[in-house]
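Have a look at the structure below, then the notes.
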Amino acid sequence: MAVQYDLEGQKKAYAKWAPIYDKVYVKLLADAQRKTSAAAAACGPDILEVGVGTGLVLPYYPAGCRVTGIDLSFHMLQKAVEKKVERGLKQVGLLCAMDACKLGFADHSFDAVTVPFVITLVPDPEGALDEMYRVLRPGGEIVIASKLGADEGATMHVEAALAPLVKKIGWSIAFKASRLRNWAAKYPDMEVVSIAPVFPVGFFKMVRIKKKAA
């Protein structure tokens, strides 16, 4: 059965966030964004950013990269285009509206796919990851930055206690790291090579999922 979700509702929510998103998140997410872009660039120059939003990550990609960015929200994309133009980001190419579950790119188009702070917001994360796998070249990586709930131990119990507070500021601990491992296990050529903590105090994680070379 096809997954049903409210695209229009998401677009309206992003339209409200677009004018203030940078002010709220620019410092909080900077460490994860730098590390995500660096990990992607190490895989090769052709990079797809899924959920480019207002373009906060775009300045961190090194010169010589060829970055394509997609997002569901036109309002967010307008801010990203402004950054590209105002800052002269020559490493940034196409910025366009697109559903992460229906990527309009050929198979094996990119050396890396970055997913900065959006995987938990996608109504069908596994469907989106399937598309990222399709467009990723052998030897490349899907690099995800996100708030991921702990699967076990004391951290899991602390997060459960804080869940109501976290929910009020728009985050959730419901999406566990194991969900990404379970997805990768579907493909014999995909491997979760690292789940590393990033600022602040490991609250966010950076996950690298590698597609084995042919």
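Test of the criteria: in segment 65-154, which GluC sites (Glu not before Pro) are in a DSSP loop and have at most 12 other Cβ atoms within 10 angstrom of their Cβ? Taking segment 65-154 and a limit of 12 other Cβ atoms within 10 Å, the loop GluC sites (Glu not before Pro) found are 152. Cross-link pairs exceeding 18 Å in C-alpha to C-alpha distance, out of 147/205; 186/211; 35/210; 35/186; 35/205, comprise 35/186. Surface calculation, 1.4 Å probe, protein heavy atoms: residue 178 sits at approximately 40 Å² accessible.
Counting 0.36 nm for each residue step from residue 99 to residue 34 and taking away their Cα separation leaves a gain of 20.9 nm.
The values are calculated or read from the model by the stated rules, or taken from the named source; none is laboratory data. Just so it is clear, the structure is predicted and the values come from calculations on it, not from any experiment. Quick reminder, even Gly has a Cβ in these numbers, built from the backbone with ideal geometry, and neighbours come from all protein chains shown. For the accessible areas, the whole protein counts, side chains as well, though only heavy atoms, and no ligand, DNA or RNA atoms are used. Shrake-Rupley method; radii C 1.70, N 1.55, O 1.52, S 1.80 Å.
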